[in-house]
Amino acid sequence: MRYIDYHGYMVTDCGRVLNKDRTERKRNINHKGYVQISMKIDGKWTTRHLHTLLAHLFIRPKQKGEEVDHINNIRTDNRLSNLQYLSKSDNNKKSYASGNRDVSGSNNANSKYSEQTVRKVCGYLQEGVSPKLAAHFCDVSINLPNSLLYGGRWKSITKDYKINKKYGTL
């Protein structure tokens, strides 16, 4: 086992981060599934992604335009043999191809509505309720039912419903 001193913390090549007294730092998993470690550096608390820290210390420093990739696509598997540098573009392509990056529906940062709300609107539309009334009943903009009917939005959800597109534009 190799280790490197990083701002007073001992970081091992198997992913352990130890305090000065050799107790292990607590790991957290963020909302995207990556392991994070909180550390006090230069008097300020900061959070680091464990895979990025390990790659930087034990593989090499990151070059401009690169990201650390988990070869097997398991974000909590931070073994050095599972980490590699890829260009941002190649890492994004790999993430989409593997299904690790889903930006459909409520996972889209621009989404205003939850999946539950969209399903509720779809249910009304399937029952033959007009888009205007569905919007009113669900307390949403008229744009949501219209985009479900005509705009091709939320296809991952609308495919589950038989919605009659008899309504013209509103």
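The values are calculated or read from the model by the stated rules, or taken from the named source; none is laboratory data. Model, not experiment: these values are computed from the prediction. FYI the Cβ positions are ideal-geometry reconstructions off the backbone, even for glycines, and counts take in every protein chain you see. Protein only, heavy atoms only, side chains kept; ligands, DNA and RNA dropped before computing areas. Shrake-Rupley method; radii C 1.70, N 1.55, O 1.52, S 1.80 Å.
Cys14 contributes about 80 Å² of solvent-accessible surface, heavy atoms of the protein only, 1.4 Å probe.
Ligands, DNA and RNA aside, Lys165 has an accessible area near 130 Å² when probed at 1.4 Å. Annotation: per residue accessible area for segment 1-125 equals 63 Å², rounded to a whole number [probe 1.4 Å, protein chains only].
Given the choices (i) 19.1, 73; (ii) 23.5, 80; (iii) 23.3, 71, Rg and Dmax of the Cα atoms in Å derived from the coordinates of this structure is entry (iii). Against the empirical curve 2.2 N^0.38 Å, the C-alpha radius of gyration of segment 1-98 lands at a ratio of 1.09. With a Förster radius of 41 Å applied to the beta-carbon distance between Lys155 and Met1, the computed FRET efficiency rounds to 0.25. Between 0 and 90 degrees, the angle of helix 115-126 with respect to the longest Cα principal axis of the chain falls at about 20 degrees.
With a Förster radius of 45 Å applied to the C-beta separation of Lys132 and Ser87, the computed FRET efficiency comes to 0.40. The distance between label points at Tyr96 and Thr52 comes to 2.2 nm (points 7 Å beyond Cα on the Cα→Cβ vector).
Shown are Lys44, Lys112, whose ranking by accessible area with a 1.4 Å probe and every protein chain present, most to least, is Lys112, Lys44. For segment 1-47, carbon and sulfur atoms together expose 47% of the accessible surface, with a 1.4 angstrom probe and every protein chain in place. Seen from Thr76, the other residues with C-beta closer than 13 Å to its C-beta sum to a net charge of +3, counting Lys and Arg as +1 and Asp and Glu as -1. For the chain, the longest principal axis of the C-alpha atoms and the axis of helix 88-98 are separated by about 60°. Taking Ile163, Ile37 and ordering them by how much accessible surface each has at a 1.4 Å probe, largest first, produces Ile163, Ile37. Against the criterion of solvent-accessible heavy-atom surface with a 1.4 angstrom probe, Arg119, Arg27 sort, most first, into Arg27, Arg119. Here the Karplus relation 6.51 cos²θ - 1.76 cosθ + 1.60, evaluated at θ = phi - 60°, turns the backbone of segment 132-141 into coupling constants of 5, 5, 4, 4, 5, 4, 9, 6, 10, 5 Hz, with x for every Gly and Pro.
Estimated from helices alone, the mean residue ellipticity of the chain at 222 nm is -6500 deg cm²/dmol (sum of -39500 (n - 2.57) over DSSP H runs with n ≥ 4, per residue).
Under 13 Å between alpha carbons, and skipping anything fewer than 8 positions from Lys112 in its own chain: which aspartates and glutamates qualify? Correct list for Lys112: Asp139. Can you tell me the relative contact order of the chain? Whole percent, Cα pairs under 8 Å, sequence separation 6 or more. Once divided by the residue count of the chain, the mean separation gives 12 percent. Counting only heavy atoms of the protein chains and using a 1.4 Å probe, Phe58 has close to 30 Å² of accessible surface.
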